[in-house]
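The values are calculated or read from the model by the stated rules, or taken from the named source; none is laboratory data. Treat the numbers as computed from the prediction; the structure is a model and nothing was measured. All Cβ positions, glycine included, derive from the backbone under ideal geometry; neighbour counts span all protein chains shown. Note: areas computed on protein heavy atoms with side chains; ligands, DNA, RNA excluded. Shrake-Rupley method; radii C 1.70, N 1.55, O 1.52, S 1.80 Å.
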Amino acid sequence: MQQMREPSASESYFWPSVWAIVLHVLVFGMLFVSFAFTPELPPAKPIVQATLYQLKSKSRATTQTNQKIAGEAQKSAARQTEVEQMEQKKIEQEAIKAAEQKKEDAAQKAEESKKADETKKAEEAKKADEAKKADEAKKTAEAKKAEDKKLADIAKKKSEEEAKKAAEEEAKKAAAEEAKKKIVEDAKKKAAEEAKKKSEAEEAKKKVAEDAKKKAAADAAKKKSQEASRKSAEEKKAQALADLLSDTPQRQQALADEQGDEVAGSFDDLIRARAAEGWARPPSARKGMTVVLQIGMLPDGTVTSVSVAKSSGDGPFDASAVAAVKNIGRLTEMQGMKPSDFAPYRSFKMTFTPEDLAL
């Protein structure tokens, strides 16, 4: 039976060493890949798979050597696993620390943002308060300005009123002086007028006395003449009546007609005389004016109508003549007249002049 050769020490450690190097390379490659693709998350724990190959040996020493190498490899793998676990734990702690730091940074940023908002709000509130104060100051200034303007207007108005009052007082004083002068002048003028009036009154009084004397003499002469005329008319009427009673019927009729004409003439004179009593002479009446009136009467002597048949050309004079005849009212002297004697007086015309009415 052929005896097998035992490997040398270098041959015994060659392959285990190779496998150990390959295993370390694989582990480091996996760690690099894990760190490259998962920067924020902790990498998964690497699973190290080691395959232990049992070398066939034909001796007990070789078996022991292999077992020893395997044990060393296991120890190395265990150490490597522990190192990896420590590294993984360190990575996890760093990730946790980074997350906490990130959280703290976020909280700090939130706090800073909050402080910034509070600062901004405070600044805005400060600006609003300053704007409010500025607005209040502006309003106060405007109110003061308005009050000052009001006081200035009041002062101006008071000054104007005082000036106006002074001007009025001055005007009143001047008016009083003027009135005083006028009173003196009026007194002088009045005294002169009164003296003149007194002189004129004396002259008028003398003239009235003279006129009265003249009128009295004229009235006496007129009355004497009228009395003589009346007596003469009565004598004529008595004579006519005597002739009427003592003469023939033809003579009596002639005398009656003549007597009727005289009666008619006397009634015309009576109407003029009564109209003159109520006549108001208008200022426009002048000598030479003539108005013809149409007069209507009743048998009892009542005047029923008066109208202008022919105008004098002066309306006031015509109207005064109409009014004077209407004012007669009724002539009682015409009562008892014969119808034949009254017939002409139912409607007749009569002429008036200022001389006729100025009785």
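Things worth noting here:
- Fraction of the pair-distance distribution of segment 264-352 above 18 Å, Cα-Cα pairs, percent: 39
- Convex hull of Cα atoms in segment 67-199, direction-averaged projection (nm²): 12.2
- Kirkwood Rh (inverse of mean 1/r, distinct Cα pairs), segment 301-359, angstrom: 12.9
- Normalised by 2.2 N^0.38 Å, with N the number of residues, the alpha-carbon radius of gyration of segment 56-137 equals 2.88.
- Peptide packing for 296-302, 324-330 was compared via the average number of neighbouring C-beta atoms within 10 Å per residue; ordered from the highest value, the list is 324-330, 296-302.
- Carbon + sulfur, % of accessible area of segment 264-352 - ligands and nucleic acids excluded, 1.4 Å: 53
- Links that overshoot a 32 Å alpha carbon limit, given the list Lys207/Lys287; Lys144/Lys164; Lys127/Lys156; Lys68/Lys89; Lys287/Lys326: Lys127/Lys156
- Ordering of 311-320, 139-148 by packing is 311-320, 139-148, highest average first (other Cβ atoms within 10 Å, averaged per residue).
- Estimated FRET transfer efficiency (Lys138, Lys173; beta-carbon r; R0 41 Å; 0.05): 0.20
- Ordering of 274-286, 111-123 by burial proxy (mean other Cβ atoms within 10 Å per residue, highest first): 274-286, 111-123
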